[in-house]
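Comments concern the structure below.
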Amino acid sequence: MYKTGLIQHAKRLSHLVSEARMSSQPNVYVTRPDVDISGLELLRKSCNVTTWSKALPVPREELLREIKGKDALYCALTDKIDAAVLDSAGDQLKCVSTISVGYEHIDVQECKKRGIRVGYTPDVLTDATAELTLALLLATNRRLFEANKEVYNGGWKSWSPMWMCGQGLKNSRVGLYGFGRIGQEIAARIVPFKPALITYTTRTARREEATKVNAQRVDFNEMLGLSDFIVVCCALTPETKEIFNAAAFEKMKPNCIFINTARGGVVDQKALCEALESKRILGAGLDVTTPEPIPLDDPLLKLDNVVVLPHIGSADIETRKEMSRIAARNILAALDGCEMESEVFV
Ligand code: DGY
């Protein structure tokens, strides 16, 4: 009798202790339950973690409701984090951490005004994104998806001398719009294909980096007129928004292949579609579109000279796992008032 009482008392005590510990732990809201578990496990060691329940973007209303009273937000590029979300969170919110290198979905100025730190995941995805960019470029210029379809629909009648020919990278002129970490890695991967020229367009000279891949800095218009391939690898900013518009496509060579693994917003998609339809340019490979997912009735999807992928630039398993952990570690550091692994400074 006495022993049973003691056991019950001990259980109650341990329950109270764990409740007290939980209530003193910071509260984190995670908008994507489908991020790699290793990141969530890191958070759960010292935080109360609430996650949206579906492997799809959290509805706005749900986010506005769930963010209330949280100390940190773990989000993705599918979430718009603006003043309304921050207002809803309350003054205790210390950190917004995105599992992406791009952070145009976060109103960083608004966060800074409120002393909220912003974390992101650069570097770790550079190689994966450069690799995918090359894969997309090769799939587009060598018409892999078109050719593959022919195998299955009976279009492959015989080996044919000029059938399914594409435009090789060898002796070509490749223009990189953006020459940051990802642009440089793309250039390094293009070099072995023996292009005649690699050019790049950036605000800062980046001479040292350019020397490594023998790239030449040119201005935007020069790149448009010179290139057999244009590869977009810049961030989406007010300056780059729809910079690839009708006027830009007009200046490109008719054999130009346009590759975008950066952000759909950099392109006026209607103008791109018109340039492709009218054969103003030869083809396009897009890992990013506006909107995402691209609607099934979008005219771009009807064109043979276009390859569209579902925003999988960084989708290599180890990369995505590490992105999940970095996003978590950024939160833990911010909550501890320490230096974050990767913080957005504006
Ligand atoms: C990013 O991180 O911004 C990519 O677009 C997705 O990984």
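For the range 274-304, filtered to residues that are of a type in the set (S, T, N, Q) and under 24 Å from the mean Cα position of the chain (by Cα), the residue that is nearest to S227 (Cα to Cα) is T289.
Annotation note: Cβ proximity below 8 Å between a residue of the range 148-165 that is of a type in the set (D, E) and outside any loop (DSSP other than H, G, I, E, B) and a residue that is at pLDDT 95 or above and surrounded by 10 or more Cβ atoms within 10 Å (Cβ to Cβ) (sequence gap 6+ or interchain) occurs for E150/W156; E150/M164. In the list A72, A128, which residue meets the criterion of being of a type in the set (G, A, S), under 30 Å from I281 (Cα atoms), in contact with a helix residue (DSSP H, G or I) (Cβ under 6 Å, 6 or more places away or on another chain) and buried (at least 18 other Cβ atoms within 10 Å of the Cβ)? A128 is the lone residue from the list that is of a type in the set (G, A, S), under 30 Å from I281 (Cα atoms), in contact with a helix residue (DSSP H, G or I) (Cβ under 6 Å, 6 or more places away or on another chain) and buried (at least 18 other Cβ atoms within 10 Å of the Cβ).
Taken together, the residues in the range 291-346 that are closer than 30 Å to L276 by Cβ and crowded, with 18+ Cβ neighbours inside 10 Å amount to 9. Considering each residue of the range 35-42 in turn, at least one proves to be closer than 21 Å to E343 by Cα, at pLDDT 95 or above, touching a strand residue (DSSP E or B) at 6+ places or on another chain (Cβ under 9 Å) and part of a helix (DSSP H, G or I). Taken as a whole, the range 273-282 holds at least one residue that is more than 30 Å from D71 (Cα to Cα), more than 11 Å from the ligand (Cβ to nearest atom) and among the small types (G, A, S).
Here T133 passes the criteria (1) surrounded by fewer than 21 Cβ atoms within 10 Å (Cβ to Cβ); (2) among the polar types (S, T, N, Q); (3) under 20 Å from the mean Cα position of the chain (by Cα) except the one numbered (1). Every test in (1) touching a helix residue (DSSP H, G or I) at 6+ places or on another chain (Cβ under 8 Å); (2) within 15 Å of the ligand (Cβ to nearest atom); (3) closer than 28 Å to M164 by Cα is passed by V267 save one, and that test is (1).
With the condition kept exactly as written, say whether any residue in the range 216-224 is part of a loop (DSSP other than H, G, I, E, B), surrounded by fewer than 20 Cβ atoms within 10 Å (Cβ to Cβ) and either of a type outside the set (A, V, I, L, M, F, W, C) or in contact (Cβ under 8 Å) with a residue 40 or more places away in the chain (or both). Scanning the range 216-224, I find at least one residue that is part of a loop (DSSP other than H, G, I, E, B), surrounded by fewer than 20 Cβ atoms within 10 Å (Cβ to Cβ) and either of a type outside the set (A, V, I, L, M, F, W, C) or in contact (Cβ under 8 Å) with a residue 40 or more places away in the chain (or both), so the answer is yes.
For the range 172-182, does any single residue satisfy the condition of being in contact (Cβ under 8 Å) with a residue 40 or more places away in the chain, within 30 Å of S324 (Cα to Cα) and in a helix (DSSP H, G or I)?
yes
Each row is one residue, and each column tells you yes or no for (1) of a type in the set (D, E, K, R); (2) touching a residue at least 24 places away in the same chain (Cβ under 8 Å).
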{"residue": "T240", "(1), (2)": "no, yes"}
{"residue": "C273", "(1), (2)": "no, yes"}
{"residue": "K279", "(1), (2)": "yes, yes"}
{"residue": "P295", "(1), (2)": "no, no"}
{"residue": "G313", "(1), (2)": "no, yes"}
{"residue": "V344", "(1), (2)": "no, yes"}
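Within 13 Å of the ligand (Cβ to nearest atom), modelled with pLDDT of 95 or more and within 22 Å of E343 (Cβ to Cβ) - does that describe any residue in the range 129-140? For the range 129-140, residues within 13 Å of the ligand (Cβ to nearest atom), modelled with pLDDT of 95 or more and within 22 Å of E343 (Cβ to Cβ): present. On the stretch given as the range 243-300, residues that are in contact with a Ser or Thr (Cβ under 9 Å, 6 or more places away or on another chain), of a type outside the set (A, V, I, L, M, F, W, C) and under 22 Å from A128 (Cα atoms) total 8.
Restricting attention to the range 95-117 and to residues that are more than 9 Å from the ligand (Cβ to nearest atom) and of a type in the set (S, T, N, Q), the residue that is nearest to T261 (Cα to Cα) turns out to be S97.
The values are calculated or read from the model by the stated rules, or taken from the named source; none is laboratory data. Note that the coordinates shown come from a computational prediction; the quantities given were computed from them, not determined experimentally. Cβ sites come from the backbone with ideal geometry, for glycine too, and all protein chains shown count toward neighbours.
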